[in-house]
Amino acid sequence: MSEFSLWDIVYNLLLAARWTVLLSLTAFVLGGLVGLLLLMVRTAGNPWVIRLVRGYVELFQGTPLLMQLFIVFFGLPLIGLDVSPWVAATLGLTLFTSAFLTEIWRGCVESIGKGQWEASASLGMNFTQQMRYIVLPQALRIAIPPTVGFSVQVVKGTAVASIIGFVELTKAGTMITNATYEPFTVYGCVAVMYFLICYPLSLFARHLEGKFRHVAR
Amino acid sequence: MKQFFKTAIAAVAMLAAPLGAASASALDSISEAGVLKVAVPQDFPPFGSVGTDMQPKGYDIDMAALIAEELGVKLELVPVTSSNRIPYLNTGKVDLVISSLGKNPDREKVIDFSDPYAPFYNGVFGPADFSVEKPADLAGMSVGVTRGAIEDLELTKIAPSDVDIKRYEDNNGTISAFLSGQVDLIATGNVTAAAIIERDPPRKPEPKFLIKNSPCYVGLNKDEPELMAKVNEIIAASIADGRLNAIAEKWLGIPLPEKL
Amino acid sequence: MAYKFDFGAIVPHWQLLFDGGILTTELTVIGAVVGVGLGIMGAWARASRAPVISQIVGVYVELIRNTPFLVQLFFIFFGLPALGVKLTEFQAAVLAMIVNLGAYSTEIIRAGIQAIPQGQIEAAQSLAMNRVQIFRCVVILPALKKIWPALSSQIVIVMLGSSVCSQIAAEELTFGANYIQALNFRAFEVYFVVTGLYLVMSILLRMGLKVLGNFLFERRRHV
C-alpha cells in the first residue's frame, strides 16, 4: 500500500517543478549574457577569436548535454571546486545555452545589411557604438522569435540534469514512481507538467514569428 | 659564525615545519567546519528511501546521524546513487559514504572501509512463478541489477553465459525495471527485497538464492587514520550500548547478528 | 588531495566503448530512416483535406515537441508495461527516437512543402496528375532538398539525445562510459574521452548527411 495519493503525487511534482523553472530561468539568463559577450567579440572580427567561438559552438552543439553535465559535475571538483548538482546543472546548462544562443544571434546580426555598418561608420561611430545603437537593436527584433523558441529547449534540457542527481521534475518523478509503483500515472503527470510550461512558450514564439514575418529584409 | 649557524638552523627548522604539519586531516576539517557530509542512498529501502515529504530516511541515515552526534557536528545528507558514491568520496564532495557499501578488492584500491555496521546478504529475487534455486537455473532469464554494485560484480561471476544481465544506472532504475516486468528477476539485498514486498508491489521479489554475505561498511578516503579510528570507535560503542541494535530492529526488523 | 589523471585506465575497456558506439549508430540509423518517413507521412497528413487527421497529427507534434525526450523514454519503457505493452530497452529506445524525430520532421518537412511555389502544383495539376503523383514527383523531393540542412541538424540532435537511453540500460556509448566509470572510478577521464567520441561521431554524421543530400538531390540535374 503506497503512502502517496494522487494529490500527494501531483503536489510533490509541483514542488519539484519549481526547481525546473528556476534552473531554466537561471540558465537562460546567464547563458544569454555569456552568449551576448561571445557575440560581441565574434562580431569584432579578429580571425582567431572567430575560430575560438566557432569551436566553442561546435563543441556544445556536437556533444550530448548529458556528457557536458557529467564533465562539469565530475571535473570541477578535480580542480578544487566543490560542486553540488545545482551548481553543476546551472553551469553546464548555461554553457550549453550560451553556445546555441550566440549561434542564433550571429545569424540575426549577419542578416543586418552591410550598408548599416558602413553608414554608422561614416557617422564616426566606433564598434561598440555601432553594435549598441544600430546593429543590435535591429538584430534583436529578428532574434526574439527563435530565442523564445530556444527557451523551450532549455526547459526540456533541465530534465537531463536529473541524471546528475538534481532534484527537479523528472527526478522527482523517478523517486515517486518507485515509492508508488505507478509509472504510467507518475510519468504521465510529469509529461503534462512539462507541457504546461513549454507549450505557452512555443505558442508565444510562434506568435512573435508571425508578427515579425513582415519585417523588411 | 655561531650566530650564522643558529640562524641557519632556525631557517631550516622553519622550512621543515610545514612538511611536518602536512594538510589538515579529514577529521580536523570536519570539526572545524562543524559539518559532516555523508553520502546516503535515497532509492534503496530500508537503507535509504523517501517518504511523502521527500526527505531521506532509513538505516544509513540513522547511522549517519549517530556518527555526526558523536562527533559533535551537524549532519549534511548528500543523496547519491551506486555509481557516483565513490567518485563523490574521492573528489571530497562527502566525508563518508554510508550507503549499504560492500567491500571488495577493486574498491579497496581507491577507498578505505571501516568496521561493518549492518548485516547484508546479496541475492536473486523474483516472483513465485519463476522457479530458480541456484545460479544455473537462471539460464535464459533476465536479471536486473544496479551497475557497479556488489550484486553486479558477484552475479557476473557466477551466472551462466546465457543469462541476460541488465545493468541500470541506479537502484531506482533497477527496481522500476523489475516492478514493470522489464526484467524477470532482480539481484539486490535481502532486506531491500523484503522492504519492497512489504509495500505490496505488483510483482513480489521473493528470495530465490543468496549470492554473498556482504555486510555494509562505512567508506572513507584513503590515508585518514584518525577519522577511521574515530568511526570504528563510534561503531563499536553503539554496538556495545545497544543503539545500533535499536536501529537494526527499527529498519530491518531483526536484531543485530552476533558477528557482523 | 591531488587527483592523478589516468587516461590509460580506460584502454582495457575499449570494447565497451566500441560496442556502445555501434549501438548508438544502429539506434540513430533506424531512428532517422523511420523517423523521417514518419515525418513525411505527418507532413502529408497536415496538408490533408480532412481536418481531423491534421488536428490529430498536430496534437502529436505539439505533445512531443513540448516534453523532454527523457520523459518520453521513461514513459515508453516504464509506463507502457502497465498497459500490457512491454518493450525491450532497444525497442523502447528506437521507438522513442522515431516518435521524437517524427514530430520534429513533420514540422520541418511541412515548412519545406509550404515553400513550394503554387505554380509548380498548378502546372502539375494541368498535366492531370492526381494528388499522390503531385506529392511524389513535384512536391516532396524539392521540399526535402530545401529543408535538408534543418533536417540533418535534427538528426544529429536525436543522435546526441540517444545518450540518455543509457538510463534504461540500453548499452550504447554513454552506458559504456558509465560502466567503465563504475569499474575503475575514473569518472572524469572516461567522460572526457567519450565526449570526444560523440563530437567525432556528430561531425561524421553531419558530413555523411551532407553527402547523402547531394546524392539524393543533386543527381537529378540534367544540365
**Message:** List the residue ranges in chain B for DSSP H helices whose C-alpha atoms run 24 angstrom or more along the long axis and whose Kyte-Doolittle average is 0.5 or above.
**Reply:** B:2-21
**Asked** Once you average over the residues of C:174-187, how many Cβ atoms of partner chains fall within 10 Å of each Cβ?
**Response** 6
**Asked** Under a point-charge model restricted to the Cβ atoms of Lys and Arg (+1) and Asp and Glu (-1), what is the dipole moment magnitude of the range C:144-216 relative to its Cα centre, in debye to the nearest 20?
**Response** 440 debye
**Request:** Compute the distance in nm between two label points, each set 7 Å from the Cα along the Cα-to-Cβ direction, one at C:Phe5 and one at B:Ser131.
**Result:** 5.8 nm
**Message:** Check which residues have an amide H placed less than 5 Å from B:Ile165's amide H, if you skip close sequence neighbours.
**Reply:** B:Val143
**Prompt:** Is any helix in chain C, taking whole DSSP H runs, at least 20 angstrom long along its axis by alpha carbon and on average at least -0.5 on the Kyte-Doolittle scale, and which ones?
**Reply:** C:14-46, C:51-65, C:89-114, C:140-161, C:187-218
**Complete:** Calc'd 3J(HN,Hα), the range A:49-66, phi into Karplus 6.51 cos²θ - 1.76 cosθ + 1.60 (θ = phi - 60°), Hz, glycine/Pro = x, comes to 5, 4, 4, 4, 5, 4, x, 4, 4, 4, 4, 6, 8, x, 10, x, 4, 4
**Prompt:** What percent does the relative contact order of the range A:1-132 come to when contacts are Cα pairs within less than 8 Å and at least six residues apart?
**Reply:** 34 percent
**Message:** If neighbour count is taken as other Cβ atoms inside 10 Å, put B:Glu76, A:Glu168, A:Glu182, B:Glu258 in order from fewest to most.
**Reply:** B:Glu258, B:Glu76, A:Glu182, A:Glu168
**Prompt:** Within a Cβ distance under 15 Å of C:Gly21, other residues only, what is the Lys/Arg minus Asp/Glu net charge?
**Reply:** -4
**Asked** How high is the FRET efficiency between B:Thr156 and C:Glu122 when r is their beta carbon distance and R₀ equals 60 Å, given to the nearest 0.05?
**Response** 0.35
**Item:** For the range B:175-260, with +1 on Lys and Arg beta carbons and -1 on Asp and Glu, the positive-most of B:Gly242, B:Val231, B:Leu185 along the dipole
**Value:** B:Leu185
**Highest-fluctuation residue, A:Gly107, A:Gly31, A:Gly173 considered, GNM on chain A with Cα pairs under 10 Å** = A:Gly107
**Fill in**
Out of A:Leu14, A:Ile71, A:Val53 - ranked by how far each Cα lies towards the positive end of the dipole of the range A:1-127, with unit charges on the beta-carbon of charged residues - the top one is A:Val53
**Request:** Excluding residues on the same chain fewer than 8 positions from C:Lys210, give the lysines whose Cα lies under 26 Å from its Cα.
**Result:** C:Lys145, C:Lys146
**Asked** For chain A, what does -39500 (n - 2.57) per DSSP helix run (n ≥ 4), summed and divided by total residues, give at 222 nm, in deg cm²/dmol to the nearest 500?
**Response** -26000 deg cm²/dmol
**Message:** From the phi angles alone, apply the Karplus equation (6.51, -1.76, 1.60; θ = phi - 60°) to the range B:37-51 and give each ³J(HN,Hα) in whole Hz, x where the residue is Gly or Pro.
**Reply:** 9, 10, 7, 10, x, 10, 10, 9, x, x, 7, x, 8, 10, x
**Request:** Can you tell me the dipole magnitude for chain A around its Cα centre, using point charges on the Cβ only (Lys, Arg +1; Asp, Glu -1), in Debye to the nearest 20?
**Result:** 900 debye
**Prompt:** What distance in nm separates the simple spin-label points at B:Glu226 and C:Glu218, each placed 7 Å from Cα in the Cβ direction?
**Reply:** 7.1 nm
**Request:** Pop the C-beta distance of C:Arg49 and A:Trp7 into the FRET formula with R0 = 51 Å and round what comes out to the nearest 0.05.
**Result:** 0.70
**Request:** Using a cut-off of 9 Å between beta-carbons, work out the net charge of the residues near B:Thr81 (Lys and Arg +1, Asp and Glu -1, B:Thr81 not included).
**Result:** -2
**Prompt:** About its Cα centre, what dipole magnitude does chain B give when the only charges are +1 on Lys and Arg Cβ and -1 on Asp and Glu Cβ, stated in debye to the nearest 20?
**Reply:** 640 debye
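Report the antiparallel proportion of the DSSP beta bridges in the protein assembly as shown as a percent, rounded to a multiple of 5.
Expressed as a percentage, antiparallel bridges in the protein assembly as shown total about 55.
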**Asked** Among A:Val83, C:Leu205, C:Met129, whose Cα sits farthest toward the positive end of the charge dipole of the protein assembly as shown (+1 at Cβ of Lys/Arg, -1 at Cβ of Asp/Glu, about the Cα centre)?
**Response** C:Met129
**Max mean-square fluctuation residue, GNM over chain C, Cα-Cα springs under 10 Å, options C:Glu107, C:Glu62, C:Glu122** = C:Glu122
**Message:** If the reach is capped at under 25 angstrom between alpha carbons, list the lysines near B:Lys74, excluding any in the same chain fewer than eight residues apart.
**Reply:** B:Lys37, B:Lys57, B:Lys93, B:Lys222, B:Lys230, B:Lys250
**Label zone at C:Ala115 (point 7 Å along Cα-to-Cβ), backbone N below 14 Å, the range A:95-118** = none
**Item:** Highest-MSF residue in chain C out of C:Val94, C:Val61, C:Val33 [GNM, Cα springs under 10 Å]
**Value:** C:Val33
**Request:** Determine, for A:Trp19, A:Trp7, A:Trp105, the number of other Cβ atoms within 10 Å of each Cβ, and report the residues in order from fewest to most.
**Result:** A:Trp7, A:Trp19, A:Trp105
**Asked** In terms of modelled amide H atoms, which long-range or inter-chain residues lie less than 5 Å from the amide H of B:Leu75?
**Response** B:Leu36
**Item:** Amide H contacts of B:Tyr121 (H built 1.01 Å from N, under 5 Å, at least 5 apart or other chain)
**Value:** B:Asn190, B:Val191, B:Ser214
**Anchor B:Lys204: lysines whose Cα lies under 20 Å away (excluding residues fewer than 8 positions away in-chain)** = B:Lys134, B:Lys166, C:Lys86
**Fill in**
Rounded to the nearest 5, the percent of DSSP beta bridges in chain B running antiparallel is 55 percent
**Request:** Could you please rank C:His13, A:His207, placing first whichever residue has the fewest other Cβ atoms within 10 Å of its Cβ?
**Result:** A:His207, C:His13
**Global geometry of the range B:121-213, whether rounded, prolate or oblate, following the gyration tensor of its Cα atoms and the 1.5 cut on a/c** = rounded
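A short reminder: the numbers here are calculations on the coordinates, not readings from a lab. Note that this is a predicted model, so its numbers are computed, not measured. All Cβ positions, even for glycine, are placed from backbone atoms using ideal geometry, and neighbour counts span all protein chains on display.
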